[in-house]
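A.B. asks: Take this structure, written in structure tokens, and hold onto it; I'll ask about it next.
Each reported figure results from applying straightforward, stated rules to the coordinates on display, with no laboratory input. The model shown is predicted, which means the values in this text are computed figures rather than measured ones. Ideal geometry is used to build each Cβ from the backbone, glycine not excepted, and the neighbour counts take in all protein chains shown.
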């Protein structure tokens, strides 16, 4: 049976309760009759022979690029950059896509006698990856061949020696990227395009850039003008990245872009019910739901977090394309939409969503309140093309425990931002003007970013900016079942039950609102008409 | 005359200590040596002394420490029993130049009050707090009014004061404002004594009466670059901000706040948190005076920085390695006298009057109790922060007050307008 | 307390202390440095006395050999090459892991197993008293200088070979750091020529994946020991040429281990045996070109459920 496309379910009296994520747990909730639930398409069938497909893509590039084999020659400097720990979500079962692609690339490089090869994790301002994480992403073979010789690097946006300023775009934006990448005879970027935001010119222009360069598109104005940042044609974030990407190409950086898409097979079989439609749950699904959710309720938070972060997704490759950036990205988006796009007609008054335990910035870490806001209002709210799922002035209801918890190693500046800045103000423009520079240049954050495993000092502010479009658009944000103090600090309202949250929402949008629930997983993108 | 008298009674002293340790601060008063007694009016100790009838008298942190039996034994030789506590007083003067007027007393019993002439170098220089003769002269030992057998104290319906101790209260001052002048003067002195250069980063630990007064004084008299207050309770946090703190953080957040402000690096603890800073703020005003607060001060002060103990410390346990290695200055700030200001020497109390008026410190007076309800009053004062209060005072304005007479002050339901609602 | 002016200790407790404690040394007297004979100078003769040999044989046969059989599942190939050799021989093997010595020794046929000594680095295995005892007892090791030619160690080895002992030697002079072979040093060929005994080339495969140099993790794995044809120095062949021939023979065995006997033989005949020391290229390409068996920290990717175990296609 071929995978079924996504669809919009209208809840009636015989609709079973809907599964809603709630951090490191989930629950079943009966949505009001007449509500809509948006389900993504079922996971596409993976490529039959992924290694062959990768080799085929390398030999048959898109756009005006020569096959990779023809771009490699002895004595050249080759740099391979790859996406960091934030992709894919959850981390996939070995072998990771990056491993498969990079091994194929290295096989060609070895055949061509390329000696000077360096691998760079394109961190941008994210935390450095640990050795086991790198090993997971790249596989033992690549890790052993590069790491011991110091040839496996992680991009350092705070290392002036290893950055190069390539010039300004016609909008006056600084373009400053990793020196080794820029000065190589060939730069290969290996992407995992989990969402439509990833890839394209954003890979190099963001992943290998410095703060000086990033601040031109990671700011409140850009985010407010990105409708949404998942739709590159209406996203200021992407326009800026595209300008930068073109300037990078004009400065003579030769780039061979490799993009991959995965299917939405997100959870292993034991948790298979998470991605099934509720009315199709088998006896086994129902039993494992009951067992899992009651076990999670009883176990300490730390343990359930460990268990969830050990989940490895059975994601598999649905497409791989290589060659010139723009041609590649176009084809990637088509493949991504094939897996994720769902047509939804009309906006809604109230959008509800259950947030899972993981987002791009808390892999093997804690989902702190700022990341909750970012995942809900930054990512999930923006999973649309055309119009937002929720009308202007509408309400978003988020289900997440939103604990007042931070990982001090990974998110040191988040703690200060939450304790000291959000306590003061939640206004983005004020925060940007008053605090951004001091957070970006604080020597302690810089030290931790460069030598420990910390996100950059300015990262929590970016996460807050990520919510800009949503906060400007919405009338109210309500968090169900969250830590009241933390939710209050974010400037949202809290409700203890879904029913209470709907009552609160009615204050804003009026009686009998239309309700739409975003059923994630699987990851989807609403094409709202 | 009615008074709360504190006797030398070792078993009751010990009982108060035990009770305060077991049941919490303020609980010692029921079993301790403080008693409401009817006593004969005090004799006038000598020329220049007048009678004062207290209107309001505050309960100070040092009073609480005494009642709990946890004050330092250092004070044993410089107090005389039995004494009547109360050194934050506004009252009506009977006799002398200020006859019939309201006055605030400056409680230090220096050379002048003790009839010592020539005065000691401290008093001669106007620094009464540094008096070297507080156990001598024609008075019994006692560092302040409220700790001396011969003068009585504010927790009574009458006591005696030397004219040099009296500061007339302007007519537009309420009694509540006037009773705040003494604590404000302590803060003014502490702030003036540490000679803050403009632009310094200052952290104030503790937001009780003294902490809040220090914040107000810093704002009014210095130009701190950044002023951070560490406050535990919501009312304290709100007041700290109102009085001029740039940032108010909870206890436990002080290291992060100080680190952010100073852009310092930090040494990490094993769980990834911050153990202590390598740099830090320029000045810490410790308005708590405990081992913990001193430790916290050491954690966040920069090398070569200063720590000022404003809150009354007792025996504290401290690791002085940072003091040595980082050349930190640790100093105390006690009482008042005269201050060197850019405009010339000024009396601390005059500066304090201005501060109370400018910062509207009367709002710190949260509840008034008649003497008869001293147990409740002390319990309230001991739990002030938790109960959303700051300064608790005794109210003696209803003469001959008893339960029946105090129509405006209902038992157990203190008048605490504006503070019953805790800020969220 | 009484002091005995005459210095004669009293009986009782004080006497006991007098007996138990060393006398203190007068300040003006310089103590001679304690001298332990370690390194090349360590005398291993005790380890070849009959009772010690018997004890070693028991340990080797009843402990080392069964344990290694289980842990490393060794496959021994080419024992037939040992059969025709009468008398002692020099076994020259590649070296990737500490396990090599014990594995090779315990897998030798019984005739050789108890009459073989091992040349071990004097600076590594004989630098402490306890190590010297352990290795000379457990493996019959003799100290061998690896950084420079040492008359004493060469004489000792030669004397023992002449006495009928076979010798295991790792001509690379140490374990490989990157999985590829290193240049053979001349010790094996020198001893073979001096004592007129044949050299048996030996290739050990798979021990690096189990316990590599500078790796702290021990993984169970499977190994192979491959013996080659006995080599004797040709008339007039000097030691340097002979050692090159030994290295080539080990390389051919390595080739055989990764492919098969016939194709390895053909490549050897054509002179196209893959170089023992790996390709002359950058570090990552040398690593990339390593056969799986020589790679360290090899994970076997285990997947559960419906997914088949991942293998690289092709």
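A.B. asks: Treating the angle as unsigned and between 0 and 90°, give the value, to the nearest 10°, between the Cα long axis of helix C:151-162 and the longest Cα principal axis of chain C.
C.D. replies: Tilt of helix C:151-162: around 70 degrees.
A.B. asks: Taking 30 Å as R0, compute the FRET efficiency from the Cβ-Cβ separation of residue C:177 and residue C:58 and round it to 0.05.
C.D. replies: It comes to 0.25.
A.B. asks: A follow-up question, please. What is the angle, in °, between the Cα long axis of helix A:131-146 and the longest principal axis of the Cα atoms in chain A? Nearest 10 is fine, range 0 to 90.
C.D. replies: That works out to roughly 20 degrees.
A.B. asks: Still on this model: Before rounding to the nearest 500, sum -39500 (n - 2.57) across all DSSP H runs of length at least 4 in chain C and divide by the residue total; then give [θ] at 222 nm in deg cm²/dmol.
C.D. replies: Working: 13 runs with 114 residues, N = 314.
Counting only the DSSP helices, I get -10000 deg cm²/dmol.
A.B. asks: Across peptide A:137-145, what mean number of C-beta atoms from other chains lies inside 10 Å of a residue's C-beta? Intermediate results must be reported in sequence, preceding the final value.
C.D. replies: Details: counts 0, 0, 3, 6, 9, 3, 2, 11, 11.
Counting other chains' Cβ atoms within 10 Å and averaging over A:137-145 gives 5.
A.B. asks: Taking a ≥ b ≥ c as the square roots of the eigenvalues of the Cα gyration tensor of the protein assembly as shown, is the shape rounded (a/c under 1.5), prolate (a/b larger than b/c) or oblate?
C.D. replies: Since a/c reaches 1.5 but b/c is at least a/b, the shape of the protein assembly as shown is classed as oblate.
A.B. asks: Arrange C:137, C:276, C:18 by Cβ neighbour counts within 10 Å, fewest through most, would you? Please report the intermediate quantities before stating the final value.
C.D. replies: Numbers: C:137 17, C:276 22, C:18 14.
So the ranking, lowest neighbour count to highest, is C:18, C:137, C:276.
A.B. asks: While we're here: Cα gyration tensor of segment B:191-335, axes a ≥ b ≥ c as square roots of the eigenvalues: rounded (a/c below 1.5), prolate (a/b > b/c) or oblate? Working shown, then result.
C.D. replies: On the way: a/c = 1.37, a/b = 1.23, b/c = 1.11.
Since a/c stays below 1.5, the shape of segment B:191-335 is classed as rounded.
A.B. asks: Does a label point 7 Å from the Cα of residue B:77, set along Cα-to-beta-carbon, have any residues of segment B:123-142 with amide nitrogen under 11 Å, and which are they?
C.D. replies: Residues B:135 fall inside that zone.
A.B. asks: Assuming R0 = 51 Å, what is the FRET efficiency of residue A:45 and residue C:127, from their Cβ-Cβ distance, to the nearest 0.05?
C.D. replies: Values: r = 62 Å, r/R0 = 1.21.
After rounding to 0.05, the efficiency reads 0.25.
A.B. asks: May I ask for the angle, rounded to the nearest 10°, between helix C:50-59 and the longest principal axis of chain C, with both axes built from Cα atoms and the value confined to 0 to 90°?
C.D. replies: 50 degrees
A.B. asks: What is the calculated FRET efficiency for residue B:70 to residue A:451, with r their C-beta to C-beta distance and R₀ = 56 Å, to the nearest 0.05? Don't skip to the end; give the middle numbers.
C.D. replies: Working: r = 46 Å, r/R0 = 0.82.
Plugging the Cβ-Cβ distance into 1/(1 + (r/R0)^6) gives 0.75.
A.B. asks: Same structure again: When only Cα pairs under 8 Å and 6 or more residues apart are kept, what is the percent relative contact order across chain C? Write down the numbers at each step before the final one.
C.D. replies: Numbers: 464 pairs, mean separation 62.3, N = 314.
Once divided by the residue count of chain C, the mean separation gives 20 percent.
A.B. asks: Let me ask something else. Starting from one equal scatterer on each C-alpha and no solvent at all, send me the Debye-based log10 I(q)/I(0) for segment C:192-245 at q = 0.13, 0.16, 0.25, 0.32 Å⁻¹, two decimals.
C.D. replies: So the normalised log intensities are -0.51, -0.64, -0.91, -1.24.
A.B. asks: Also, quick follow-up: Distance from a point 7 Å along Cα→Cβ of residue C:241 to each backbone N in segment C:249-280: keep the residues under 17 Å and list them by number.
C.D. replies: Answer for this model: C:249.
A.B. asks: Right, here's the next one. More than 22 angstrom separation, counting every C-alpha pair in segment B:266-355; what % is that?
C.D. replies: Values: 1608 of 4005 pairs.
The proportion of pairs with Cα distances above 22 Å equals 40 percent.
A.B. asks: Here's a follow-up. Give me the base-10 log of I(q)/I(0) for segment B:205-273 at each q in 0.15, 0.28 Å⁻¹, Debye formula, one uniform scatterer per Cα, rounded to two decimals.
C.D. replies: Reported log10 I(q)/I(0), two decimals: -0.49, -1.22.
A.B. asks: What does the extension gain come out to for residue C:22 and residue C:75, with contour length at 0.36 nm per residue minus their alpha carbon separation?
C.D. replies: On the way: separation 53, 0.36 × 53 = 19.08 nm, distance 5.69 nm.
Length difference between fully extended and current span is 13.4 nm.
A.B. asks: Along the Cα→Cβ direction, 7 angstrom out, place labels at residue B:269 and residue C:281. What is the inter-label distance in nm?
C.D. replies: Going by the 7 Å Cα→Cβ label model, 5.2 nm.
A.B. asks: Helix-derived [θ] at 222 nm for chain A: sum -39500 (n - 2.57) over DSSP H runs of at least 4, divide by residue count, nearest 500? Don't jump to the answer; show the numbers that get you there.
C.D. replies: Details: 20 runs with 187 residues, N = 529.
Counting only the DSSP helices, I get -10000 deg cm²/dmol.
A.B. asks: Using 0.36 nm per residue of separation minus the Cα-Cα distance, give me the extension gain between residue A:283 and residue A:12 in nm, one decimal.
C.D. replies: Numbers: separation 271, 0.36 × 271 = 97.56 nm, distance 2.25 nm.
Length gained, residue A:283 through residue A:12: 95.3 nm.
A.B. asks: Arranged from highest to lowest average of other beta-carbon atoms within 10 Å per residue, in what order do the peptides B:49-58, A:264-273, B:319-328, C:200-209 appear? Provide the component values of the computation, followed by the final result.
C.D. replies: Numbers: B:49-58: 23.6, A:264-273: 19.2, B:319-328: 12.8, C:200-209: 25.8.
Listed from highest to lowest mean packing, they are C:200-209, B:49-58, A:264-273, B:319-328.
A.B. asks: In nm, give the distance between the simple-model label positions of residue A:33 and residue B:232, each being 7 Å from the Cα along the Cα-to-Cβ direction.
C.D. replies: Once both label points are built, they end up 5.6 nm from each other.
A.B. asks: Here is a follow-up. With a cut-off of 8 Å between alpha carbons and a minimum separation of six or more residues, what is the relative contact order of chain B in percent? Could you put the intermediate results ahead of the total?
C.D. replies: On the way: 1002 pairs, mean separation 68.6, N = 424.
Answer for chain B is 16 percent.
A.B. asks: If the viscosity is 0.692 mPa s and the temperature 37 °C, what Stokes-Einstein diffusion coefficient in µm²/s follows for segment C:39-294 when Rh is the Kirkwood radius over Cα pairs?
C.D. replies: Numbers: Rh = 18.5 Å.
In µm²/s, the coefficient rounds to 177.
A.B. asks: So, one more: What whole-number distance in Å separates the alpha-carbon centres of segment A:323-349 and segment A:416-464?
C.D. replies: Result: 33 Å between the Cα centres.
A.B. asks: Let me ask you something else. Taking Rh as the Kirkwood radius, which is the inverse of the mean 1/r over Cα pairs, what is the Rg/Rh value for chain A?
C.D. replies: Ratio value, two decimals: 0.95.
A.B. asks: Taking Cα centroids, how far is segment A:157-192 from segment A:56-70 in Å?
C.D. replies: 23 Å
A.B. asks: Let me ask something additional. In what sequence do B:286, A:316, A:512 fall when counting other Cβ within 10 Å, fewest first?
C.D. replies: The fewest-first ordering by Cβ neighbours comes to A:512, A:316, B:286.
A.B. asks: Sorted by packing (mean other beta-carbon atoms within 10 Å per residue), highest first, where do A:406-416, B:34-44 land? Before the final figure, lay out each step's value.
C.D. replies: Details: A:406-416: 23.4, B:34-44: 14.0.
Ranking, from highest mean packing down: A:406-416, B:34-44.
A.B. asks: Let me ask something additional. For a label point 7 Å from the Cα of residue A:472 along Cα→C-beta, name the residues of segment A:412-439 whose backbone N is under 18 Å from it.
C.D. replies: A:426-434
A.B. asks: If you average the C-alpha positions of segment B:190-257 and of segment A:86-105 separately, how far apart do those two centres end up, in angstrom?
C.D. replies: Between the Cα centre of segment B:190-257 and that of segment A:86-105, the gap is 52 Å.
A.B. asks: Let a ≥ b ≥ c be the square roots of the eigenvalues of the Cα gyration tensor of chain B; is it rounded (a/c under 1.5), or, if not, prolate (a/b larger than b/c) or oblate?
C.D. replies: Details: a/c = 1.62, a/b = 1.43, b/c = 1.14.
Here chain B falls in the prolate category.
A.B. asks: Just B:261, B:212, B:64 to compare: in a GNM of chain B, with alpha carbon springs under 10 Å, which one fluctuates most?
C.D. replies: Maximum among the listed residues: B:261.
A.B. asks: Can you pull the one-decimal nm distance between simple spin-label points at residue A:254 and residue A:430, each 7 Å off the Cα toward Cβ?
C.D. replies: Label-label distance for residue A:254 and residue A:430, simple model: 5.3 nm.
A.B. asks: If we count other beta carbons within 10 Å of each Cβ, what is the order of A:130, B:209, C:44, fewest first? Working shown, then result.
C.D. replies: On the way: A:130 12, B:209 30, C:44 21.
Least crowded to most crowded, the residues run A:130, C:44, B:209.
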